[in-house]
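Presented below is the structure to which this report refers.
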Protein chains: 2
Amino acid sequence: MPAAHWEGTGVDEGHDELRVDGGRLRRSLEAMAEIGATPGGGMHRLALSDDDRRARDLLVAWLEELGTRVEVDEMGNIFGRRPGRDDGLPPVMTGSHLDTQPRGGRFDGVLGVMGALEVLRTLHERDVVTERPIVLVDWTNEEGSRFAPAMMASGVWAGALDRDWAWARTDADGFRFGDELARIGYRGPVPCARRPFHAYYELHIEQGPRLEREGRAIGVPRGIVCLHWYDVYIEGTANQVGTTPMEGRNDALVTAAEMVLEVRDLPARMGGGMVATVGELYTHPNSRNVVPGAAHFTVDIRSWDDELALGAWDLLQAEFRAIAARHGCGVRIEETWRVRHNEFAPELVARVRHAAGRLGYSTLDMESGAGHDASYMATVGPAAMVFVPSIGGRSHVEVEETSWEDCEAGANVLLQCVLASAHERDAGAGAG
Amino acid sequence: MPAAHWEGTGVDEGHDELRVDGGRLRRSLEAMAEIGATPGGGMHRLALSDDDRRARDLLVAWLEELGTRVEVDEMGNIFGRRPGRDDGLPPVMTGSHLDTQPRGGRFDGVLGVMGALEVLRTLHERDVVTERPIVLVDWTNEEGSRFAPAMMASGVWAGALDRDWAWARTDADGFRFGDELARIGYRGPVPCARRPFHAYYELHIEQGPRLEREGRAIGVPRGIVCLHWYDVYIEGTANQVGTTPMEGRNDALVTAAEMVLEVRDLPARMGGGMVATVGELYTHPNSRNVVPGAAHFTVDIRSWDDELALGAWDLLQAEFRAIAARHGCGVRIEETWRVRHNEFAPELVARVRHAAGRLGYSTLDMESGAGHDASYMATVGPAAMVFVPSIGGRSHVEVEETSWEDCEAGANVLLQCVLASAHERDAGAGAG
């Protein structure tokens, strides 16, 4: 492949023969997957659980074997720093998270940390010296399943969330985030605050079916779609089912069911690749012989186009109020969370695309439908992601799966991108 | 009112001036409502709880004050027997239940027991001697909220359910019915098996809005509608919401929502006063950023016409399978429980109607949409019920309410019916 192919992408041809060790990467992933494994073949390693501690301990031990300097910040984020020739230059950062969904999978998050570790190991065994330092990062509580919201610690690091507020978050049993962090020994001394970085790369499974459906090896996301979360509460009238005629019922579940179908129909009405989902629904009193007197459900709307998503929500709210009125039910709507769409640094995105091409992998330009720690990183510096295929498009479930070959391919793309950025002396488009 | 009006109804004009003491009835109801009272003004007195024991103890103390002979059977049913002139004749029985729904109301069941007690007290203070004995009964676990199914102990008494099977039923915490019965001291020595009775009357709140809507004081049910319970399980594909396109989703909740609306539409399609309800619905994993991978809901269908209900179910099942197929979801359907409609003894029903009229109360002929202990009693002897209005048609909820005047009216109708049956020497239409 001619050198011209690399023009402008900053890939250092001096190391373009470097490859990760796919077998070693697989063994790391398998070892990590033993900590919090479920009988169903998945993972249940909630943030700040004992299993999270064990996973962190293993990562720290592996990092120390490589001679990297390990630091833990106040939010439990773990940084493993490999020095550069000019160690005062802002580093290249790469990583993801080790916590999982409840009964989730073995790859979500973990691949990005193990991929970064494999990059460091490859550089270590080949004695590669880079201009800039390289920092592996394991972000605390990306999933947000135990402590809401998701991506909490990268959010604090990026300055979008407040540390004390985060420490005070509680799980379903009333345990405080800050206390649990101290309990597992990972409330570190380093302030959780952003520092200049030259580039941030995150390797991750796609979590969707597109790469597999289109037969591509590497997904190149241009950014992350917007994310709008709503909570809808319906107040009807609970009553004995047998003695309450159909006419005049205020059935909160029937009302909710009509709303669920409106949400389902929304993307087709709006276009623009929007998705809209009701993931949670609760019925009260939830007894088979009582007409449901109350219901609560969530709405998740995502789109690359923030305005389209807001317009969709206006439409949906009006429909909800009309449906509730038709059933004589009250409706209360909470706007729970909104994150605008987030664009990655175009030059890093191009580097991911070109590195994959140079390595002989087919690519697909896309958007990320899921939030990642890279979302917050992209708000404070140049960031990009590397996606690899999810078999059957499944994730957040125990059967989540990615082939070892695809894991290796993603780690090789990550290696080339990290190397290219780490060899750059100039700030370029980077923040430092 | 001319005597001819009473012809053939067996009402004994010798006692037709007798009236219950409305104030005393109210005080009994209020005292009972203190045992297991909720902050919301309702009752939480689950079967075989400590509060159930306290309510039973109070009832037994009151019965013993009247000199009635109290017996407790193996299912915890409490019988208070007031002798007749010919004590060998099959008795007239009357009662209901003292257990309540979780956070239920103060009248459901309790009114029928307190009304029966008020009848005994009235006869006692007036030294009325009846031909036949009169037996007050408090049936165990009518609600079935803690130990399924409902009407369990009257079912065993009537021979429809097996005692050992009932004893082995467990609650959500794994406690066995038989053990809990012994724990509260109400696993009595008397075999739980039906004995001949001349008539069974049960006073109860309507639990629906019809009496109030039509401005009538006394409901006269001709029987109890059929009751069909089904459980529907949907198997879809759980997935990350942001990364899974709308096309090709197998969303179990969307599938369930379409089915819920089919259930809602069923009565209008079928006619015949049918009601159909989805009371419970569960979504899995029930996480706002995961496409629901499974759902489970219940269906309750009731109608006077058993065949119509069965036909409706056939229709519904076909719709369910078509909906599931359209969404690429699996569906499994369980036929959980079926009870045929149940007709009360026409001569007792006529007696209720005529006694109410004689007392100057307006009446409404109707059907009972709810099951009652009278359902099982009607399968083994002559039974009837007396309904009084539920304010707002509400029941199984804390705000369940009936006016004291209506409680008194119902108890007066019960008194006249019990007296009339208890004065009858001949077996008549009765079982003994």
**OP:** Would you confirm whether any residue within region B:244-262 is at pLDDT below 95, farther than 30 Å from residue B:116 by Cα, within 14 Å of another protein chain (Cβ to nearest Cβ) and in contact with a Gly (Cβ under 6 Å, 6 or more places away or on another chain)?
**Re:** yes
Original post:
Given B:182, B:160, B:168, B:172, which one is away from every other protein chain (no Cβ under 12 Å), surrounded by fewer than 24 Cβ atoms within 10 Å (Cβ to Cβ) and within 30 Å of residue B:324 (Cβ to Cβ)?
Top reply: B:172
Subject >> Matching residues, region B:274-303, being surrounded by fewer than 19 Cβ atoms within 10 Å (Cβ to Cβ) and touching an Asp or Glu at 6+ places or on another chain (Cβ under 6 Å) >> reply: B:286
Subject >> In region B:89-119, the residues that are aliphatic (A, V, I, L, M) and over 19 Å from residue B:405 (Cα atoms) >> reply: B:89, B:92, B:93, B:98
**OP:** From A:370, A:356, A:350, grab the single residue that is among the hydrophobic types (A, V, I, L, M, F, W, C) and facing chain B (nearest Cβ under 10 Å).
**Re:** A:370
**OP:** Say whether the condition of being more than 26 Å from residue B:147 (Cβ to Cβ) and surrounded by fewer than 17 Cβ atoms within 10 Å (Cβ to Cβ) is met by at least one residue in region B:36-50.
**Re:** no
Subject >> Members of region A:263-287 that are in contact (Cβ under 8 Å) with a residue 24 or more places away in the chain, closer than 30 Å to residue B:275 by Cβ and facing chain B (nearest Cβ under 10 Å) >> reply: A:263, A:281, A:283, A:285
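Considering region A:206-243 alone, what residues qualify as being under 22 Å from the mean Cα position of the chain (by Cα), surrounded by 24 or more Cβ atoms within 10 Å (Cβ to Cβ) and facing chain B (nearest Cβ under 9 Å)?
Looking only at region A:206-243, we keep the residues that are under 22 Å from the mean Cα position of the chain (by Cα), and these are A:206-213, A:216-231.
Remaining after also requiring surrounded by 24 or more Cβ atoms within 10 Å (Cβ to Cβ): A:206-208, A:211, A:218-221, A:224-225, A:227.
If the condition is that a residue be under 22 Å from the mean Cα position of the chain (by Cα), surrounded by 24 or more Cβ atoms within 10 Å (Cβ to Cβ) and facing chain B (nearest Cβ under 9 Å), then A:206, A:207, A:208, A:224, A:225, A:227 are the ones that fit.
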Original post:
If you go through region B:89-112 one residue at a time, how many are touching an Asp or Glu at 6+ places or on another chain (Cβ under 7 Å), buried (at least 24 other Cβ atoms within 10 Å of the Cβ) and aliphatic (A, V, I, L, M)?
Top reply: 1
Original post:
Going by the conditions given, is residue A:388 within 14 Å of another protein chain (Cβ to nearest Cβ) and either within 21 Å of residue A:214 (Cβ to Cβ) or modelled with pLDDT of 95 or more (or both)?
Top reply: yes
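Test residue B:222 against the criterion of being assigned to a loop (DSSP other than H, G, I, E, B) and not hydrophobic (A, V, I, L, M, F, W, C), and give yes or no. Please lay out each step first, then the result.
Numbers: assigned to a loop (DSSP other than H, G, I, E, B): no; not hydrophobic (A, V, I, L, M, F, W, C): yes.
Judged against the criteria, residue B:222 is not a match.
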**OP:** Those residues that are closer than 30 Å to residue B:245 by Cα and more than 10 Å from chain A (Cβ to nearest Cβ), I need them from region B:288-316; list them, please.
**Re:** B:294, B:296, B:316
**OP:** For region B:251-258, state whether one or more residues are out of contact with any Pro (no Cβ under 7 Å at 6 or more places or on another chain), closer than 25 Å to residue B:309 by Cα and in the same structural domain as residue B:405 (by TED's automatic domain parsing).
**Re:** no
Original post:
Exactly one of (1) under 30 Å from residue B:397 (Cβ atoms); (2) aliphatic (A, V, I, L, M); (3) assigned to a loop (DSSP other than H, G, I, E, B); (4) touching a helix residue (DSSP H, G or I) at 6+ places or on another chain (Cβ under 7 Å) is unmet by residue B:172. Its number?
Top reply: (4)
**OP:** Would you check which residues across region A:334-365 are in contact with a helix residue (DSSP H, G or I) (Cβ under 6 Å, 6 or more places away or on another chain) and under 30 Å from residue A:317 (Cβ atoms) and list them?
**Re:** A:340, A:341, A:342
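The values are calculated or read from the model by the stated rules, or taken from the named source; none is laboratory data. Bear in mind that the values here come from a model prediction, so they are computed numbers and not experimental data. Quick reminder, even Gly has a Cβ in these numbers, built from the backbone with ideal geometry, and neighbours come from all protein chains shown.
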